[in-house]
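To start, the structure itself, in C-alpha coordinates.
The values are calculated or read from the model by the stated rules, or taken from the named source; none is laboratory data. These numbers were taken from a predicted model, which means no experiment stands behind them. Cβ sites come from the backbone with ideal geometry, for glycine too, and all protein chains shown count toward neighbours. With ligands, DNA and RNA removed, areas are computed over all heavy atoms of the protein, side chains included. Shrake-Rupley method; radii C 1.70, N 1.55, O 1.52, S 1.80 Å.
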Amino acid sequence: MIPAPFTYKRAWSVDEALDLAVQNGEEAKFLAGGHSLLPLMKLRLAVPEVLIDIGRLGELSYVRDDDSQILVGALTTYDELARSSLLAGELPLLAHAASRVGDPQIRHRGTIGGSLVHADPAADLPAVVLALDATLIARGPGGSREIGAGEFFRGLFETALQPGELLTEIRIPKPRPASEWSFQKFTKRAIDWAIVGVVVQGGRVALVNMGQTPVRASGVEEALAAGAGTRDAAAHAAEGTSPPTDINADGRYREHLARVLVARALEESAART
Amino acid sequence: MKVTVTVNGSQIEADVPDRTLLVHFLRDVANLTATNVGCDTTSCGACTVLLDGRSVKSCTVLAAQADGRDVVTVEGLADGSGAMHPVQRAFQAEHGLQCGFCTPGMVMAAVSLLDENPSPTEEEVRSALEGNLCRCTGYHNIVRAILSAAPAASERRSS
(Lines give C-alpha, C1' and ligand atoms only; values in the text may rest on other atoms or scores of the structure.)
Protein backbone atom coordinates (compact mmCIF):
# COMPACT_ATOMS: atom_id res chain seq x y z
CA MET A 1 0.00 0.00 0.00
CA ILE A 2 1.28 3.40 -0.95
CA PRO A 3 -0.05 6.70 0.39
CA ALA A 4 -1.94 9.03 -1.93
CA PRO A 5 0.37 11.59 -3.55
CA PHE A 6 1.50 14.48 -1.36
CA THR A 7 4.22 17.08 -1.34
CA TYR A 8 6.99 16.51 1.18
CA LYS A 9 8.58 19.49 2.89
CA ARG A 10 11.25 19.34 5.52
CA ALA A 11 11.54 21.83 8.37
CA TRP A 12 14.88 22.56 10.01
CA SER A 13 13.51 24.60 12.91
CA VAL A 14 10.25 24.99 14.81
CA ASP A 15 9.84 28.46 13.29
CA GLU A 16 10.25 27.08 9.79
CA ALA A 17 7.75 24.30 10.55
CA LEU A 18 5.20 26.88 11.74
CA ASP A 19 5.81 29.04 8.65
CA LEU A 20 5.31 26.03 6.39
CA ALA A 21 2.06 25.23 8.20
CA VAL A 22 0.78 28.78 7.63
CA GLN A 23 1.78 28.67 3.96
CA ASN A 24 0.13 25.31 3.32
CA GLY A 25 -3.04 25.71 5.38
CA GLU A 26 -5.28 22.95 6.63
CA GLU A 27 -4.27 20.45 3.95
CA ALA A 28 -0.84 20.15 5.57
CA LYS A 29 0.09 17.83 8.41
CA PHE A 30 3.19 17.60 10.56
CA LEU A 31 5.14 14.36 10.26
CA ALA A 32 7.23 13.29 13.26
CA GLY A 33 8.13 9.59 13.52
CA GLY A 34 5.22 8.78 11.23
CA HIS A 35 4.07 5.74 13.15
CA SER A 36 0.50 6.94 13.54
CA LEU A 37 0.20 9.10 10.43
CA LEU A 38 1.86 6.94 7.75
CA PRO A 39 -0.25 3.83 8.48
CA LEU A 40 -3.39 6.00 8.19
CA MET A 41 -2.12 7.48 4.94
CA LYS A 42 -1.38 4.03 3.52
CA LEU A 43 -4.98 3.04 4.25
CA ARG A 44 -6.09 6.39 2.69
CA LEU A 45 -7.85 7.24 5.95
CA ALA A 46 -5.70 10.37 5.97
CA VAL A 47 -4.97 12.15 2.71
CA PRO A 48 -2.95 15.28 3.49
CA GLU A 49 -1.72 17.22 0.48
CA VAL A 50 1.44 18.36 2.20
CA LEU A 51 3.60 16.69 4.83
CA ILE A 52 5.84 18.93 6.90
CA ASP A 53 8.59 16.69 8.24
CA ILE A 54 9.61 17.86 11.71
CA GLY A 55 11.55 14.65 12.37
CA ARG A 56 14.94 16.38 12.28
CA LEU A 57 14.20 19.06 14.84
CA GLY A 58 16.73 18.01 17.46
CA GLU A 59 15.58 21.00 19.53
CA LEU A 60 12.39 19.05 20.34
CA SER A 61 14.06 15.86 21.51
CA TYR A 62 14.99 15.91 25.19
CA VAL A 63 14.10 14.89 28.73
CA ARG A 64 15.11 17.61 31.22
CA ASP A 65 14.98 18.14 34.94
CA ASP A 66 13.45 21.53 35.74
CA ASP A 67 13.19 21.85 39.50
CA SER A 68 9.71 20.61 40.41
CA GLN A 69 8.89 19.30 36.95
CA ILE A 70 10.22 17.18 34.11
CA LEU A 71 10.23 18.65 30.61
CA VAL A 72 9.87 16.26 27.70
CA GLY A 73 10.39 17.40 24.11
CA ALA A 74 7.56 16.33 21.81
CA LEU A 75 9.93 14.51 19.44
CA THR A 76 11.40 12.26 22.12
CA THR A 77 10.92 8.66 21.00
CA TYR A 78 9.38 5.91 23.10
CA ASP A 79 12.78 4.22 23.14
CA GLU A 80 14.47 7.36 24.50
CA LEU A 81 11.81 7.68 27.20
CA ALA A 82 12.21 4.03 28.13
CA ARG A 83 16.00 4.40 28.45
CA SER A 84 16.06 7.76 30.23
CA SER A 85 17.85 7.52 33.58
CA LEU A 86 16.21 10.79 34.64
CA LEU A 87 12.76 9.27 34.09
CA ALA A 88 13.80 6.03 35.78
CA GLY A 89 14.38 8.06 38.95
CA GLU A 90 11.72 10.77 38.75
CA LEU A 91 8.96 9.37 36.54
CA PRO A 92 9.29 5.60 36.35
CA LEU A 93 5.66 5.34 35.23
CA LEU A 94 6.38 7.19 31.97
CA ALA A 95 9.57 5.22 31.27
CA HIS A 96 7.79 1.93 31.85
CA ALA A 97 4.69 2.80 29.84
CA ALA A 98 6.87 3.90 26.91
CA SER A 99 8.72 0.58 27.05
CA ARG A 100 5.38 -1.21 26.58
CA VAL A 101 4.30 0.64 23.44
CA GLY A 102 4.30 -1.48 20.28
CA ASP A 103 7.59 -3.24 19.62
CA PRO A 104 11.28 -2.22 19.44
CA GLN A 105 11.07 -1.00 15.84
CA ILE A 106 8.03 1.14 16.62
CA ARG A 107 9.69 2.51 19.76
CA HIS A 108 12.73 3.52 17.73
CA ARG A 109 10.55 5.78 15.53
CA GLY A 110 7.38 6.71 17.38
CA THR A 111 7.36 9.89 19.47
CA ILE A 112 5.45 10.99 22.57
CA GLY A 113 4.19 14.10 20.79
CA GLY A 114 2.98 12.09 17.83
CA SER A 115 1.05 9.77 20.10
CA LEU A 116 -0.58 12.62 22.02
CA VAL A 117 -1.68 14.64 18.98
CA HIS A 118 -2.96 11.50 17.24
CA ALA A 119 -5.24 11.13 20.30
CA ASP A 120 -6.20 7.51 19.82
CA PRO A 121 -8.16 6.53 22.96
CA ALA A 122 -6.58 3.05 22.73
CA ALA A 123 -3.05 4.52 22.94
CA ASP A 124 -1.09 4.34 26.19
CA LEU A 125 0.68 7.68 26.56
CA PRO A 126 -2.40 9.94 26.38
CA ALA A 127 -3.75 8.23 29.52
CA VAL A 128 -0.30 8.43 31.12
CA VAL A 129 -0.02 12.22 30.70
CA LEU A 130 -3.59 12.52 31.96
CA ALA A 131 -2.76 10.59 35.13
CA LEU A 132 0.39 12.69 35.58
CA ASP A 133 -1.52 16.00 35.32
CA ALA A 134 0.84 17.12 32.57
CA THR A 135 0.69 20.47 30.81
CA LEU A 136 1.13 20.46 27.04
CA ILE A 137 2.86 23.35 25.29
CA ALA A 138 1.63 24.26 21.82
CA ARG A 139 3.33 26.76 19.55
CA GLY A 140 1.48 28.47 16.76
CA PRO A 141 1.83 31.54 14.59
CA GLY A 142 0.57 33.66 17.52
CA GLY A 143 3.04 32.28 20.05
CA SER A 144 2.96 29.64 22.72
CA ARG A 145 0.17 28.44 24.98
CA GLU A 146 -0.31 25.91 27.74
CA ILE A 147 -3.04 23.28 27.61
CA GLY A 148 -3.80 21.03 30.58
CA ALA A 149 -3.86 17.32 29.71
CA GLY A 150 -7.46 17.24 30.95
CA GLU A 151 -8.48 19.80 28.31
CA PHE A 152 -6.27 18.50 25.49
CA PHE A 153 -8.18 15.37 24.44
CA ARG A 154 -11.48 16.50 22.93
CA GLY A 155 -12.79 13.41 21.13
CA LEU A 156 -11.86 10.48 18.95
CA PHE A 157 -8.59 11.53 17.26
CA GLU A 158 -9.40 15.11 18.21
CA THR A 159 -7.37 17.49 20.36
CA ALA A 160 -7.47 21.11 21.48
CA LEU A 161 -4.73 22.02 18.97
CA GLN A 162 -5.71 24.63 16.41
CA PRO A 163 -4.74 24.27 12.75
CA GLY A 164 -1.10 25.29 12.39
CA GLU A 165 -0.28 24.67 16.04
CA LEU A 166 2.54 22.32 16.92
CA LEU A 167 2.87 20.43 20.20
CA THR A 168 6.42 21.17 21.34
CA GLU A 169 6.76 20.12 24.98
CA ILE A 170 5.13 18.11 27.74
CA ARG A 171 5.64 19.46 31.28
CA ILE A 172 5.07 16.95 34.03
CA PRO A 173 5.03 17.85 37.73
CA LYS A 174 7.26 15.43 39.62
CA PRO A 175 5.00 13.08 41.55
CA ARG A 176 5.80 12.66 45.23
CA PRO A 177 6.48 9.92 45.88
CA ALA A 178 7.42 8.88 42.34
CA SER A 179 7.22 5.22 43.29
CA GLU A 180 3.44 4.92 43.75
CA TRP A 181 2.51 3.95 40.22
CA SER A 182 1.20 1.12 38.12
CA PHE A 183 0.55 0.53 34.44
CA GLN A 184 -1.77 -2.29 33.46
CA LYS A 185 -2.34 -3.12 29.82
CA PHE A 186 -4.63 -5.95 28.78
CA THR A 187 -3.92 -7.25 25.28
CA LYS A 188 -4.39 -10.50 23.39
CA ARG A 189 -0.95 -10.32 21.80
CA ALA A 190 2.14 -8.38 22.83
CA ILE A 191 2.02 -5.70 20.13
CA ASP A 192 -1.74 -5.08 20.26
CA TRP A 193 -3.40 -1.91 21.44
CA ALA A 194 -4.80 -2.20 24.94
CA ILE A 195 -8.30 -3.67 25.06
CA VAL A 196 -8.36 -1.75 28.34
CA GLY A 197 -5.45 -0.10 30.10
CA VAL A 198 -5.11 1.47 33.53
CA VAL A 199 -2.60 4.07 34.69
CA VAL A 200 -2.15 4.89 38.37
CA GLN A 201 0.08 7.55 39.88
CA GLY A 202 -0.56 8.16 43.57
CA GLY A 203 -4.29 8.80 43.92
CA ARG A 204 -4.80 9.60 40.24
CA VAL A 205 -6.23 6.94 37.94
CA ALA A 206 -6.64 7.14 34.15
CA LEU A 207 -8.16 4.63 31.74
CA VAL A 208 -7.13 3.59 28.23
CA ASN A 209 -9.82 2.64 25.67
CA MET A 210 -12.83 3.25 27.90
CA GLY A 211 -14.37 6.02 25.77
CA GLN A 212 -13.70 8.45 22.95
CA THR A 213 -10.78 9.95 24.85
CA PRO A 214 -8.54 8.78 27.66
CA VAL A 215 -10.48 9.41 30.88
CA ARG A 216 -9.78 9.84 34.56
CA ALA A 217 -11.58 7.29 36.74
CA SER A 218 -12.98 10.01 38.96
CA GLY A 219 -15.24 7.62 40.91
CA VAL A 220 -12.17 5.63 41.92
CA GLU A 221 -10.20 8.76 42.77
CA GLU A 222 -13.00 10.11 44.96
CA ALA A 223 -13.39 6.79 46.76
CA LEU A 224 -9.65 6.66 47.41
CA ALA A 225 -9.66 10.23 48.68
CA ALA A 226 -12.49 9.29 51.04
CA GLY A 227 -10.36 6.50 52.45
CA ALA A 228 -11.83 3.47 50.61
CA GLY A 229 -9.71 0.35 50.25
CA THR A 230 -8.42 -0.70 46.84
CA ARG A 231 -11.15 -3.28 46.15
CA ASP A 232 -13.97 -0.91 47.11
CA ALA A 233 -12.44 1.95 45.15
CA ALA A 234 -11.89 -0.24 42.08
CA ALA A 235 -15.61 -1.09 42.00
CA HIS A 236 -16.16 2.48 40.72
CA ALA A 237 -13.78 2.06 37.75
CA ALA A 238 -16.37 1.99 34.98
CA GLU A 239 -18.54 4.83 36.33
CA GLY A 240 -19.06 7.58 33.82
CA THR A 241 -17.22 5.74 31.03
CA SER A 242 -18.59 4.85 27.58
CA PRO A 243 -16.39 1.99 26.41
CA PRO A 244 -16.53 0.98 22.76
CA THR A 245 -17.75 -2.37 21.49
CA ASP A 246 -15.51 -3.80 18.78
CA ILE A 247 -14.05 -7.05 17.49
CA ASN A 248 -11.90 -7.48 20.62
CA ALA A 249 -14.48 -6.91 23.33
CA ASP A 250 -17.92 -5.53 24.01
CA GLY A 251 -18.52 -2.58 26.27
CA ARG A 252 -19.67 -4.63 29.27
CA TYR A 253 -16.57 -6.78 29.14
CA ARG A 254 -14.45 -3.63 29.04
CA GLU A 255 -16.26 -2.33 32.13
CA HIS A 256 -15.45 -5.60 33.89
CA LEU A 257 -11.82 -5.39 32.78
CA ALA A 258 -11.57 -1.81 34.02
CA ARG A 259 -12.64 -2.86 37.52
CA VAL A 260 -10.28 -5.84 37.59
CA LEU A 261 -7.32 -3.90 36.21
CA VAL A 262 -7.87 -0.87 38.47
CA ALA A 263 -7.84 -3.21 41.47
CA ARG A 264 -4.59 -4.79 40.27
CA ALA A 265 -3.08 -1.39 39.57
CA LEU A 266 -3.97 0.04 42.98
CA GLU A 267 -2.57 -3.04 44.69
CA GLU A 268 0.64 -2.90 42.68
CA SER A 269 1.03 0.81 43.31
CA ALA A 270 0.47 0.38 47.05
CA ALA A 271 2.93 -2.53 47.17
CA ARG A 272 5.70 -0.35 45.73
CA THR A 273 5.67 2.12 48.61
CA MET B 1 12.28 14.55 -4.61
CA LYS B 2 15.96 13.82 -4.75
CA VAL B 3 17.13 11.56 -1.94
CA THR B 4 20.55 10.19 -1.11
CA VAL B 5 20.66 7.21 1.20
CA THR B 6 23.77 5.33 2.22
CA VAL B 7 22.72 1.71 1.82
CA ASN B 8 25.13 -0.95 3.03
CA GLY B 9 27.95 1.56 2.70
CA SER B 10 27.13 2.75 -0.85
CA GLN B 11 25.50 6.07 -1.59
CA ILE B 12 22.31 5.59 -3.57
CA GLU B 13 20.98 8.79 -5.10
CA ALA B 14 17.65 8.92 -6.90
CA ASP B 15 14.81 11.23 -7.79
CA VAL B 16 11.73 9.47 -6.44
CA PRO B 17 8.09 10.43 -5.83
CA ASP B 18 7.67 12.10 -2.42
CA ARG B 19 5.42 9.24 -1.26
CA THR B 20 8.04 6.53 -1.87
CA LEU B 21 8.40 4.20 1.11
CA LEU B 22 11.87 3.20 2.21
CA VAL B 23 11.15 -0.49 1.55
CA HIS B 24 10.29 0.28 -2.08
CA PHE B 25 13.35 2.49 -2.40
CA LEU B 26 15.48 -0.43 -1.22
CA ARG B 27 13.81 -3.03 -3.42
CA ASP B 28 13.07 -1.07 -6.59
CA VAL B 29 15.70 1.66 -6.66
CA ALA B 30 18.67 0.07 -4.87
CA ASN B 31 17.68 -3.35 -6.28
CA LEU B 32 18.17 -4.99 -2.91
CA THR B 33 15.29 -7.45 -2.74
CA ALA B 34 16.11 -9.37 0.44
CA THR B 35 13.99 -6.97 2.50
CA ASN B 36 10.45 -8.30 2.17
CA VAL B 37 7.10 -6.56 2.28
CA GLY B 38 4.95 -8.72 4.51
CA CYS B 39 1.88 -7.22 6.17
CA ASP B 40 2.60 -3.67 4.99
CA THR B 41 0.94 -2.40 8.20
CA THR B 42 3.85 -2.05 10.68
CA SER B 43 2.99 -5.36 12.32
CA CYS B 44 5.00 -8.27 10.93
CA GLY B 45 8.56 -6.92 10.82
CA ALA B 46 9.53 -8.68 7.57
CA CYS B 47 10.73 -5.30 6.23
CA THR B 48 12.98 -4.55 9.22
CA VAL B 49 16.24 -2.76 8.37
CA LEU B 50 18.66 -0.65 10.40
CA LEU B 51 18.28 3.12 10.06
CA ASP B 52 21.24 4.87 11.65
CA GLY B 53 21.95 1.62 13.48
CA ARG B 54 18.47 1.06 14.92
CA SER B 55 15.85 -1.41 13.72
CA VAL B 56 12.89 0.14 11.92
CA LYS B 57 10.05 -1.17 9.78
CA SER B 58 10.86 0.15 6.32
CA CYS B 59 7.22 -0.08 5.18
CA THR B 60 6.46 2.75 7.60
CA VAL B 61 9.34 5.10 6.82
CA LEU B 62 9.44 7.40 3.82
CA ALA B 63 12.54 7.32 1.65
CA ALA B 64 12.58 11.08 2.29
CA GLN B 65 12.89 10.43 6.02
CA ALA B 66 15.98 8.31 5.32
CA ASP B 67 17.54 10.99 3.11
CA GLY B 68 21.13 11.61 4.21
CA ARG B 69 21.04 8.67 6.58
CA ASP B 70 22.58 5.26 6.85
CA VAL B 71 20.61 2.10 6.10
CA VAL B 72 21.78 -1.49 6.52
CA THR B 73 19.82 -4.39 5.01
CA VAL B 74 20.53 -8.08 5.44
CA GLU B 75 22.60 -7.90 2.21
CA GLY B 76 25.01 -5.58 4.03
CA LEU B 77 25.75 -7.77 7.04
CA ALA B 78 28.54 -9.92 5.64
CA ASP B 79 32.01 -8.48 6.17
CA GLY B 80 34.40 -7.40 3.41
CA SER B 81 35.60 -10.95 2.79
CA GLY B 82 32.02 -12.20 2.37
CA ALA B 83 31.95 -13.99 5.71
CA MET B 84 28.44 -14.01 7.16
CA HIS B 85 27.54 -12.03 10.27
CA PRO B 86 27.46 -14.12 13.48
CA VAL B 87 23.66 -13.76 13.60
CA GLN B 88 23.37 -15.14 10.06
CA ARG B 89 25.70 -18.04 10.89
CA ALA B 90 23.68 -18.80 14.02
CA PHE B 91 20.40 -18.83 12.08
CA GLN B 92 21.98 -21.38 9.75
CA ALA B 93 23.49 -23.50 12.53
CA GLU B 94 20.33 -23.52 14.66
CA HIS B 95 17.95 -23.83 11.71
CA GLY B 96 16.35 -20.53 12.65
CA LEU B 97 14.09 -20.46 9.61
CA GLN B 98 11.52 -22.53 7.82
CA CYS B 99 10.04 -20.82 4.75
CA GLY B 100 12.52 -17.95 5.12
CA PHE B 101 10.16 -15.06 4.41
CA CYS B 102 10.49 -13.46 7.84
CA THR B 103 14.21 -14.22 8.07
CA PRO B 104 15.75 -10.96 6.76
CA GLY B 105 13.61 -8.98 9.21
CA MET B 106 14.28 -11.40 12.06
CA VAL B 107 18.03 -11.20 11.46
CA MET B 108 18.00 -7.39 11.39
CA ALA B 109 15.84 -7.21 14.54
CA ALA B 110 18.33 -9.57 16.21
CA VAL B 111 21.33 -7.49 15.14
CA SER B 112 19.68 -4.38 16.56
CA LEU B 113 18.83 -6.18 19.80
CA LEU B 114 22.37 -7.49 20.32
CA ASP B 115 23.71 -4.02 19.65
CA GLU B 116 21.52 -2.59 22.43
CA ASN B 117 21.75 -5.58 24.77
CA PRO B 118 24.86 -7.71 24.09
CA SER B 119 23.91 -10.60 26.37
CA PRO B 120 20.12 -10.84 26.54
CA THR B 121 18.19 -13.45 28.47
CA GLU B 122 15.82 -15.73 26.61
CA GLU B 123 12.91 -13.64 27.86
CA GLU B 124 14.55 -10.46 26.59
CA VAL B 125 15.07 -12.05 23.17
CA ARG B 126 11.42 -13.05 23.01
CA SER B 127 10.31 -9.54 24.00
CA ALA B 128 12.63 -8.00 21.44
CA LEU B 129 10.97 -10.09 18.72
CA GLU B 130 7.47 -8.85 19.56
CA GLY B 131 7.44 -6.94 16.30
CA ASN B 132 8.53 -9.84 14.08
CA LEU B 133 6.07 -12.53 13.10
CA CYS B 134 7.06 -15.98 11.82
CA ARG B 135 3.99 -17.55 10.28
CA CYS B 136 5.70 -20.94 10.24
CA THR B 137 5.80 -20.35 14.03
CA GLY B 138 9.45 -21.35 14.12
CA TYR B 139 10.22 -19.11 17.08
CA HIS B 140 12.10 -21.60 19.25
CA ASN B 141 14.98 -22.03 16.83
CA ILE B 142 15.07 -18.32 16.08
CA VAL B 143 15.41 -17.52 19.79
CA ARG B 144 18.04 -20.23 20.15
CA ALA B 145 19.99 -18.80 17.22
CA ILE B 146 20.00 -15.29 18.66
CA LEU B 147 21.10 -16.48 22.09
CA SER B 148 23.92 -18.49 20.54
CA ALA B 149 25.01 -15.56 18.34
CA ALA B 150 25.38 -13.10 21.22
CA PRO B 151 29.03 -13.75 22.18
CA ALA B 152 30.31 -13.71 18.58
CA ALA B 153 28.24 -10.62 17.76
CA SER B 154 29.84 -8.78 20.70
CA GLU B 155 33.28 -9.83 19.56
CA ARG B 156 32.60 -8.61 16.02
CA ARG B 157 31.45 -5.21 17.30
CA SER B 158 34.53 -4.74 19.43
CA SER B 159 36.96 -5.84 16.71
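Give me the pairs, please: first residue somewhere in segment B:135-146 and under 11 Å from residue B:99 (Cβ atoms), second residue anywhere and of a type outside the set (Gly, Ala, Ser), beta-carbon distance under 6 Å, and either six or more positions apart or on two chains.
From segment B:135-146, the pairs are B:136/B:98; B:136/B:99; B:138/B:98.
Under 9 Å between Cβ atoms, at least 6 apart or on separate chains: pull out the pairs that start in segment A:135-149 with a residue that is farther than 13 Å from residue A:164 by Cβ and end on any residue that is in a strand (DSSP E or B) and of a type in the set (Lys, Arg).
Every condition considered, the pairs that remain are A:135/A:171; A:136/A:171; A:137/A:145; A:137/A:171; A:146/A:171.
Quick check on residue A:49: is it open to solvent by 10 Å² or more (accessible area, probe 1.4 Å) and farther than 17 Å from residue A:117 by Cα?
The answer is yes for residue A:49.
Inside segment A:200-210, can you point out the residues that are open to solvent by less than 10 Å² (accessible area, probe 1.4 Å) and farther than 21 Å from residue A:250 by Cα?
Result: A:200, A:201, A:205.
Residues A:41, A:1: which one is within 14 Å of another protein chain (Cβ to nearest Cβ) and touching a Gly at 6+ places or on another chain (Cβ under 9 Å)?
The match here is A:41.
Could you please find all residues in segment B:1-57 being in contact with a Pro (Cβ under 8 Å, 6 or more places away or on another chain) and charged (D, E, K, R)?
B:18, B:19
Yes or no: residue B:94 among the acidic types (Asp, Glu) and either assigned by TED's automatic domain parsing to the domain that holds residue B:44 or out of contact with any Ser or Thr (no Cβ under 7 Å at 6 or more places or on another chain) (or both)?
no
Please enumerate the residues belonging to segment B:126-152 that are assigned to a helix (DSSP H, G or I) and surrounded by fewer than 22 Cβ atoms within 10 Å (Cβ to Cβ).
Answer for segment B:126-152, where residues must be assigned to a helix (DSSP H, G or I) and surrounded by fewer than 22 Cβ atoms within 10 Å (Cβ to Cβ): B:126, B:127, B:139, B:140, B:141, B:143, B:144, B:147, B:148, B:150, B:151, B:152.
Go through (1) assigned to a helix (DSSP H, G or I); (2) closer than 15 Å to residue A:191 by Cβ; (3) in the same structural domain as residue B:9 (by TED's automatic domain parsing) for residue B:38 and report which single condition fails.
With respect to (1) assigned to a helix (DSSP H, G or I); (2) closer than 15 Å to residue A:191 by Cβ; (3) in the same structural domain as residue B:9 (by TED's automatic domain parsing), residue B:38 is out only on (1).
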